[in-house]
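Enquirer: Next up is a structure, given as structure tokens.
The values are calculated or read from the model by the stated rules, or taken from the named source; none is laboratory data. In this text the structure is predicted, and so the values were computed from the model without any measurement. Cβ: placed from backbone, ideal geometry, glycine included. Neighbour counts: every protein chain shown. In case anyone asks, the SASA skips ligands and DNA or RNA and just uses the protein heavy atoms, side chains included. Shrake-Rupley method; radii C 1.70, N 1.55, O 1.52, S 1.80 Å.
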Amino acid sequence: MSVTKAGARPAEPASGPRLGVPEIAGRKGGVPVVMLTAYTAPTARLLDPHVDVLLVGDSLGMVVYGLESTLAVTVDMMIAHGAAVVRGSRRALVVVDLPFGSYQESPAQAFRTAARVLAETGAAAVKLEGGREMAETIRFLTERGVPVMGHIGLTPQAVHRLGGFRARGRTEAEQETILADAVAVAEAGAFSIVVEAVIEPLARRITETVPVVTIGIGASAACDGQVLVTEDASGLFDAFKPRFVKRYAELGRGLEAVAQAYAEEVRARRFPADENLFGVARGGKG
Ligand code: KIV
């Protein structure tokens, strides 16, 4: 068995009833698609029974690696985390982000990257950012067997061109541009589109216009599904909290409490206690 560049073993395809691309694509206008991000096997294992899609987002650059933006994330990072999430899950469709610089140059570059990501992670689909300018690439990939999830509106890899992580679609001109992006991405063959940080009327218009599943993040309940970054929703990432994030738990505070209690017990020699010690073998010779 070969070993990936990042040192992870390639994942085997799931033997159980894993959701496929056609099942997610078939949810247009139906029961909302539930997507959360995951970057590690233990997190994937916990989320898997509850979600339809696990997204190995390039947000891991900021959330896991402490980077300022997603721009420095590499294909090797995505493959290592993507393979871990596939290994940790059984039911959810796993989608892996193509990172900045790994697909924008040409459709051929995008295909090489996507083929490597799918082969070395075992994931079923890739996600890439961009609208009309990426339509040719999306068509090239989908015609060659690579399922693509699009991503329009606020596209974090374009943070410098957009001038920051701001909501999009506040002017009429911007709304027409983003709607045209959605139509182009859908016509090019994407099975689903993430719509990020756009005002509610635009999200509704996009969802009513395109025949593919829209998955909103900061884009209202008008979309066909929702996604959040798990660390945002669980309070594990608190560098900043976008307005659209809902905190369902404060796991960060729980982790801090663990560190504090452990430190106190170690310093007071209360840990390890008797129940944490290995026993002496009874009647043994050594
Ligand atoms: O990278 C990511 O986590 C994403 C989601 C925010 C949609 O693209």
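Enquirer: So if I place +1 on the C-beta of Lys and Arg and -1 on the C-beta of Asp and Glu, and nothing else carries charge, what would the dipole magnitude of the chain be about its Cα centre? I want it in debye, nearest 20.
Expert: On the way: 31 positive and 32 negative charges, 161 e Å.
Value, rounded to 20: 780 debye.
Enquirer: Measure off 7 Å from each Cα along the Cα-to-Cβ vector at R270 and V258, then give the distance between these two points in nanometres to one decimal.
Expert: Those two pseudo-labels are separated by 1.9 nm.
Enquirer: Do any trypsin sites (Lys or Arg not before Pro) in segment 65-111 lie in a loop, going by DSSP, with at most 16 other beta-carbon atoms within 10 Å of their beta carbon, and if so which?
Expert: Working: sites: R87, R90, R91; in loops: R90, R91.
Answer in residue order: R90, R91.
Enquirer: P(r) for the chain, please, calculated from all Cα pair distances in 10 Å bins and given in %.
Expert: The calculated distribution, bin by bin, is 6, 27, 33, 18, 7, 5, 2, 1, 0.
Enquirer: Using r as the Cβ-Cβ distance of R90 and H160, and R0 as 41 Å, what FRET efficiency do you calculate, to the nearest 0.05? Spell out each step's value before the answer.
Expert: Working: r = 39 Å, r/R0 = 0.95.
The pair R90/H160 has a calculated efficiency of 0.55.
Enquirer: Still on this structure: Rounded, prolate or oblate: pick one for segment 216-286, where a ≥ b ≥ c are the square roots of the eigenvalues of its C-alpha gyration tensor, a/c under 1.5 means rounded, and failing that, prolate if a/b is larger than b/c, else oblate.
Expert: Details: a/c = 6.75, a/b = 2.71, b/c = 2.49.
In terms of gyration-tensor shape, prolate.
Enquirer: Give the long-range amide H neighbours of D58: residues separated by 5 or more places, or on another chain, with amide H under 5 Å away, using H modelled in the peptide plane at 1.01 Å from N.
Expert: HN-HN under 5 Å from D58: D97.
Enquirer: Averaged per residue, what accessible surface does segment 21-249 expose to a 1.4 Å probe, in Å²?
Expert: Details: 9420 Å² over 229 residues.
Dividing the accessible area of segment 21-249 by its residue count gives 41 Å².
Enquirer: Quick check on segment 122-264: what does the Kirkwood estimate of hydrodynamic radius come out to from the alpha carbon pairs, in Å? If you can, show how the numbers build up before the last one.
Expert: Working: mean 1/r = 0.0612 Å⁻¹.
Result for segment 122-264, one decimal place: 16.3 Å.
Enquirer: Which one, V21, A197, H151, is farthest towards the positive end of the dipole of the chain when Lys and Arg carry +1 and Asp and Glu -1 on their Cβ?
Expert: V21
Enquirer: With a 1.4 Å probe and all protein chains kept in place, how do E68, E23 rank by accessible area, largest first?
Expert: Values: E68 170, E23 100 Å².
Largest accessible area first, the list is E68, E23.
Enquirer: Ordered by residue, what ³J(HN,Hα) values in Hz, to whole numbers, does segment 154-169 give under the Karplus form 6.51 cos²θ - 1.76 cosθ + 1.60, where θ = phi - 60° and Gly and Pro are x?
Expert: 6, 10, x, 5, 9, 3, 6, 5, 7, x, x, 8, 9, 4, 10, x
Enquirer: May I ask you to give the percent of accessible area on segment 111-242 that is carbon plus sulfur, with a probe radius of 1.4 Å? Please report the intermediate quantities before stating the final value.
Expert: Numbers: 2780 of 5240 Å².
Its accessible area is 53 percent carbon and sulfur atoms.
Enquirer: Further question on the same structure: Name the residues whose placed amide hydrogens come within less than 5 Å of the amide hydrogen of H151, ignoring near sequence neighbours (fewer than 5 apart) on the same chain.
Expert: L128, G130, V194
Enquirer: Express as a percent, rounded to the nearest 5, the fraction of DSSP beta bridges in segment 21-249 (both residues included) that run antiparallel. Write down the numbers at each step before the final one.
Expert: Values: 1 of 30 bridges.
If I count the DSSP bridges inside segment 21-249, around 5 percent turn out antiparallel.
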